[in-house]
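**Q** So that we are looking at the same thing, I have put the structure below in structure tokens.
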């Protein structure tokens, strides 16, 4: 079966990107900073809006909106992953793998990523909430406000959430929201 990605110019997409073998490389602040640098570098040449994001130790979720005449999120992800991989210094020797071209390379990211084209405002809001609640879902914190690497704090400043949203409650998402 051939996998096809939905590509809509100017579309808004939810993404999940996972580290190779679920390495917890994004638990290091310097790697989170490097990932931010990678996003910034790519956004200079290939603009997009990050509507929501959360960076967890071994994966990240985000929602992007692309420019109205552009649907090429794959190039953006390739460039972000490549920038990060070239500059990341915290990969241990056991995390070297053989690529499909039979060359040794550092395995930092899973080969693919998962994307979902946001259908409407309700779908958008559900995925934003999934992103912001994800650190709680994974048992990393007891409230979204306690996770540093999240756009939740920006959303609170913009009046989208009360600071205590998601604290002391379990939020269950439909199976079609998120993917892990």
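**Q** Mind pulling the angle between the C-alpha long axis of helix 73-87 and the longest principal axis of the chain? Nearest 10 degrees, somewhere in 0 to 90.
**A** 60 degrees
**Q** Could you check the simple spin-label distance between residue 142 and residue 6, using points 7 Å along Cα→Cβ, in nm with one decimal?
**A** It works out to 3.8 nm between the two label points.
**Q** Oh, and also: Mind jotting down the distance between the C-alpha centroids of segment 102-157 and segment 43-68, whole Å?
**A** 10 Å
**Q** Sticking with this structure for a sec: Work out how far the C-alpha atoms of the chain reach from end to end along every principal axis, then list the three figures in whole Å, largest first.
**A** The Cα atoms of the chain stretch 49, 37, 35 Å along their principal axes.
**Q** Okay, next question. Most fluctuating residue of 81, 21, 145 in a GNM of the chain with Cα springs under 10 Å: which is it?
**A** It is 21.
**Q** Connecting C-alpha atoms closer than 10 Å in a GNM of the chain, tell me which of 12, 75, 142 has the biggest fluctuation.
**A** Maximum among the listed residues: 75.
**Q** What shape does segment 27-66 have by the C-alpha gyration tensor, where a ≥ b ≥ c are the square roots of the eigenvalues, rounded means a/c under 1.5, and otherwise prolate means a/b greater than b/c and oblate the rest?
**A** Taking the square roots of the gyration eigenvalues as a ≥ b ≥ c, segment 27-66 is oblate.
**Q** Is the shape of segment 111-164 best called rounded, prolate or oblate, per the rule: a/c under 1.5 gives rounded, else a/b larger than b/c gives prolate, else oblate, with a ≥ b ≥ c the square roots of the Cα gyration tensor eigenvalues?
**A** In terms of gyration-tensor shape, oblate.
**Q** Order the peptides 39-46, 111-118 from the highest to the lowest mean number of other Cβ atoms within 10 Å of their residues.
**A** The densest-packed peptide leads the list: 111-118, 39-46.
**Q** Once the Cα atoms of helix 121-137 and of the chain are each reduced to a long axis, what angle between those two axes, in degrees from 0 to 90 to the nearest 10, is obtained?
**A** Compared with the principal axis, the helix lies near 70 degrees.
**Q** Here's something else I'd like to know. Using only DSSP helix segments of four residues or longer, with each worth -39500 (n - 2.57), what per-residue ellipticity at 222 nm results for the chain after dividing by its residue count and rounding to 500?
**A** Here the helix-only value at 222 nm equals -10000 deg cm²/dmol.
**Q** Return one number: the angle in degrees, 0 to 90 and rounded to the nearest 10, between the long axis of the Cα atoms of helix 29-45 and the longest principal axis of the Cα atoms of the chain.
**A** Once rounded, one gets 90 degrees.
**Q** A further question follows. What spacing in nm lies between the two simple spin-label points modelled at residue 58 and residue 74, each 7 Å away from Cα in the Cβ direction?
**A** Label-label distance for residue 58 and residue 74, simple model: 2.8 nm.
**Q** Starting from the Cα of residue 172, step 7 Å along the direction of its Cβ; do the same at residue 41; then give the gap between the two resulting points in nm.
**A** Result: 4.4 nm between the two label points.
**Q** Determine the shape class of segment 1-87: with a ≥ b ≥ c the square roots of the Cα gyration tensor eigenvalues, call it rounded for a/c under 1.5, and otherwise prolate if a/b is greater than b/c, oblate otherwise.
**A** prolate
**Q** Please work out how much length the chain gains when fully extended from residue 111 to residue 123, using 0.36 nm per residue of separation minus the C-alpha to C-alpha distance, in nm with one decimal.
**A** Contour length minus the Cα-Cα distance gives 1.7 nm.
Where a number appears in this text, it was derived from the coordinates with a stated rule and is not lab data. Everything numeric here is computed off the predicted structure, so don't read it as measured data. Methodologically, a virtual Cβ is constructed for each residue, glycine included, from the backbone with ideal geometry; neighbour enumeration extends over all protein chains shown.
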